[in-house]
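Student: Before anything else, here's the structure in question.
The values are calculated or read from the model by the stated rules, or taken from the named source; none is laboratory data. Everything numeric here is computed off the predicted structure, so don't read it as measured data. Here the Cβ is made from the backbone with ideal geometry for all residues, glycine too, and neighbour counts use every protein chain on show.
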């Protein structure tokens, strides 16, 4: 039935107008981008919860050179026995450190001091074997890497982050700073940024406001670390940007802030990260 304005009383019309206006305002506020939580915030929360409950497996030793590069492999296999090698994303057992220990012993050379670091409790049989082969081996677990103080861990001379903390975080600038903080002066960190044009594979993009890839420009802008390895390789439909960083001096490590533009939780998550150099 059509309602004519003249049938409304003077007191009813303003009241109904106020009600309609109030409903419109509430509707606008409920859909306001400033007040509604971005979709990627919920994905980040799911990812953090998953990190604490999932028992992550270690990457096969054979993939190390693909993701971290030949320079890392040569350093790892030839580093002095008194130095310290860390796998920063070991899961419950580190295949990378197992490979180092076994290959060194086969060559008649004592392995370096080795540290596996992960959230998960270590596999007891694997840990016992590694400690038998290398009495200098330890496995740290239960805390994220950024929660460790430098004094808790002996200075690291070579660190690997292969699909580890850097690949899973929504604050990669803080992870790189935390990892760099654990390095001895002259120590090196090797990691990677992996992207793919398909939606079924991991993708990490570091871009500026115009959408241009600024991955290596960002790494080069980190204070306290210098780039010593920069190589892009193709593995199937994966583009792998290998990165090696060396600690310069003993001062603070400051990585430029990256802001999350897109984040989809997964193993690992897909991320689009914005670096505003200005």
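Student: Please determine, by comparing only the residues of segment 257-274 that are touching a helix residue (DSSP H, G or I) at 6+ places or on another chain (Cβ under 6 Å) and assigned to a loop (DSSP other than H, G, I, E, B), which one is nearest to residue 150 (Cα to Cα).
Tutor: Selected residue: 257.
Student: Of everything in segment 119-170, what is farther than 17 Å from residue 95 by Cα and under 12 Å from the mean Cα position of the chain (by Cα)? Give them in sequence order.
Tutor: Once the filter is applied, which keeps residues that are farther than 17 Å from residue 95 by Cα and under 12 Å from the mean Cα position of the chain (by Cα), segment 119-170 yields 144, 145, 146, 166, 167, 168, 169, 170.
Student: Shifting gears a bit: Scan segment 221-238 and give yes if some residue there is outside any strand (DSSP E or B) and on the phi > 0 side of the Ramachandran plot, otherwise no.
Tutor: Among the residues of segment 221-238, at least one is outside any strand (DSSP E or B) and on the phi > 0 side of the Ramachandran plot, which makes the answer yes.
Student: May I ask you to say which residue of 43, 34 is over 26 Å from residue 180 (Cα atoms), modelled with pLDDT under 95 and surrounded by fewer than 19 Cβ atoms within 10 Å (Cβ to Cβ)?
Tutor: None of the others qualify; the one that does is 34.
Student: In segment 181-208, what residues are exposed (fewer than 14 other Cβ atoms within 10 Å of the Cβ) and either under 30 Å from residue 84 (Cβ atoms) or in contact with a strand residue (DSSP E or B) (Cβ under 7 Å, 6 or more places away or on another chain) (or both)?
Tutor: Scanning segment 181-208 gives 185, 186.
Student: Now for a different question. If the Cβ limit is 8 Å and pairs must be 6+ apart or interchain, which residue in segment 202-217 that is touching a residue at least 40 places away in the same chain (Cβ under 8 Å) pairs with which residue that is surrounded by fewer than 17 Cβ atoms within 10 Å (Cβ to Cβ) and assigned to a strand (DSSP E or B)?
Tutor: 205/213; 206/213; 207/213; 207/261
Student: Can you tell me which of (1) on the phi > 0 side of the Ramachandran plot; (2) under 14 Å from the mean Cα position of the chain (by Cα) is the one residue 258 doesn't meet?
Tutor: In the conditions (1) on the phi > 0 side of the Ramachandran plot; (2) under 14 Å from the mean Cα position of the chain (by Cα), residue 258 misses (1) alone.
Student: Moving on to the next point. Tell me which of these residue 249 doesn't satisfy, since it passes every other one: (1) touching a residue at least 60 places away in the same chain (Cβ under 8 Å); (2) buried (at least 19 other Cβ atoms within 10 Å of the Cβ); (3) outside any strand (DSSP E or B).
Tutor: Among (1) touching a residue at least 60 places away in the same chain (Cβ under 8 Å); (2) buried (at least 19 other Cβ atoms within 10 Å of the Cβ); (3) outside any strand (DSSP E or B), residue 249 violates only (2).
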